[in-house]
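All remarks here apply to the structure that follows.
Please treat every number below as a calculation from the coordinates, not as lab data. If you're wondering where the values come from, they're calculated on a predicted model, not measured in any experiment. Positions of Cβ are backbone-derived with ideal geometry, glycine not excepted, and every protein chain shown enters the neighbour counts.
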Amino acid sequence: MKIHIIGGGNLGVSIAIGISKFSKNNQVTLTRRNTASILDLEQLKISVSSDNTHMIQQADVIILTIKPYQVDVVLDEILPVISNKIIASAVSGLNIEALQSKIGDTNHAIRIMPNIAAQFGESATCISFEEKDREQAQHVISLFQDIGTASIIDEKLMDAATVLGACGTAYALRYIRASMQAGIEIGFDAQTALAIAAQTVKGAAQMLLEEKVHPEQLIDRVTTPQGCTIVGLNEMEHHGFSSSLIKGIKTSLKQIKG
Ligand SMILES: NC(=O)c1ccc[n+]([C@@H]2O[C@H](COP(=O)([O-])OP(=O)(O)OC[C@H]3O[C@@H](n4cnc5c(N)ncnc54)[C@H](OP(=O)(O)O)[C@@H]3O)[C@@H](O)[C@H]2O)c1
């Protein structure tokens with residue numbers, strides 16, 4: 001397929017690199033108004049342009065990775081030159097009904113919520129679509145399966161998906177940063193502390209994903225009775241570890257819903 005990504009910022013670049021590395025049969029075009037910072041992507045065979053309509057007619061899927069207030073300007077530019085296209089939008093807060101009314105009945109609106117780990121083939125992408133667009137959505141699903149996982153969700157949960165899957169990257173990184181800081185306090189240099197903390201999180205996630213068990217089952221394997229793990233874990237819980245995470249996630253959701 002030919003994929004045309006409009007909005008070469010944090011997310012657009014991650015998806016473009018992910019596709020170029022992990023979805024080899026697909027070709028990517030990436031646009032933004034100021035291309036200076038993304039020109040080096042051409043080395044990965046990603047075609048870069050400041051013209052949103054450049055090569056758009058050949059595209060099978062158009063991905064929007066722009067901010068909500070940039071949508072109307074971009075659509076005004078591209079709609080006169082396209083028809084019967086799949087438009088996959090990662091724009092936060094723009095629902096399928098609103099997108100469909102903007103792009104007209106001749107194009108297909110699919111809503112996606114990927115994250116920036118797409119660059120490493122590890123995005124946790126959520127996808128919603130209307131039943132009439134199931135066939136077209138399948139192309140988008142396959143694409144995002146190449147660069148991570150793709151979960152089809154009810155559109156009602158898209159804000160929740162934004163928090164858990166996209167904002168979630170930042171929450172996980174903050175956990176790693178805190179572990180790293182503790183690692184330095186107990187004797188490691190920063191680089192070693194970071195390497196151990198990050199790999200430990202990656203290993204824990206890998207175990208969960210492969211064994212498909214509840215986290216507590218794996219925690220039981222690490223916690224010796226009266227041992228150092230359980231006392232540390234309980235101390236964290238006494239200070240609100242799980243509770244603060246849950247409250248933070250709910251606060252992010254409240255902010256999105258406005
Ligand atoms: N970042 C994430 O982790 C993430 C995750 C899920 C969803 N999202 C959603 O994805 C969207 C993009 O987020 P982001 O963090 O990637 O934002 P960003 O870094 O600001 O990227 C937006 C890009 O759009 C480009 N742009 C603006 N106007 C344009 C136009 N008329 N034509 C072509 N390109 C244009 C901008 O570059 P120029 O100014 O050079 O044109 C900029 O590089 C947002 O709606 C966000 O909510 C983001």
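How would you rank His108, His239, His139, His4, going from fewest to most other Cβ atoms within 10 Å of each one's own Cβ? Provide the component values of the computation, followed by the final result.
Values: His108 24, His239 9, His139 17, His4 28.
Result, fewest neighbours first: His239, His139, His108, His4.
For the chain, calculate the relative contact order in percent as a whole number, restricting contacts to Cα pairs under 8 Å that are 6 or more residues apart. Let's see the in-between values first.
Values: 372 pairs, mean separation 34.8, N = 258.
That works out to 13 percent.
Top mean-square fluctuation among Gln181, Gln206, Gln226, Gaussian network model of the chain, C-alpha springs under 10 Å?
For the chain, modelled as a Gaussian network with Cα springs under 10 Å, the answer is Gln226.
Grab the other residues whose beta carbon is less than 14 angstrom from that of Ile86, score K and R as +1, D and E as -1, and report the net.
On the way: positive: Lys2, Lys85, Arg111, Lys132, Arg134; negative: Asp60, Asp105, Glu130, Asp133, Glu135.
My count for the surroundings of Ile86 gives 0.
I need Asp60, Asp40 ordered by Cβ neighbour count within 10 Å, fewest first.
Details: Asp60 16, Asp40 10.
By the 10 Å Cβ count, ascending, the order reads Asp40, Asp60.
On a C-alpha basis, how far is the centre of the stretch 181-222 from the centre of the stretch 41-103 in Å? Whole number, if you could?
When both Cα centres are located, 39 Å separates them.
Under a straight-distance cross-link criterion of Cα-Cα below 28 Å, which lysines are reachable from Lys85, leaving out those fewer than 8 residues away in the same chain?
The qualifying lysines are Lys2, Lys21, Lys24, Lys45, Lys67, Lys102, Lys132, Lys156.
As a footprinting exposure proxy, order Asp133, Asp76 by other Cβ within 10 Å, with the fewest listed first. Intermediate values should be presented prior to the final figure.
Numbers: Asp133 17, Asp76 10.
Sorted ascending by nearby Cβ count, the order is Asp76, Asp133.
Taking only C-alpha pairs under 8 Å that are 6+ residues apart, what is the relative contact order of the stretch 1-107 in percent?
Details: 179 pairs, mean separation 28.6, N = 107.
Reported relative contact order: 27 percent.
Summing +1 for each Lys or Arg and -1 for each Asp or Glu, what net charge is found among the other residues whose Cβ lies under 12 Å from the Cβ of Ile63?
On the way: positive: Lys2, Lys85, Arg111; negative: Asp60.
Here the charged neighbours net out to +2.
In whole Hz and in residue order, list the ³J(HN,Hα) couplings for the stretch 113-125 that follow from phi through the Karplus curve 6.51 cos²θ - 1.76 cosθ + 1.60, θ = phi - 60°; x for Gly and Pro.
Once θ is set to phi - 60°, the couplings for the stretch 113-125 become 9, x, 9, 6, 6, 3, 4, 10, x, 10, 6, 9, 8 Hz.
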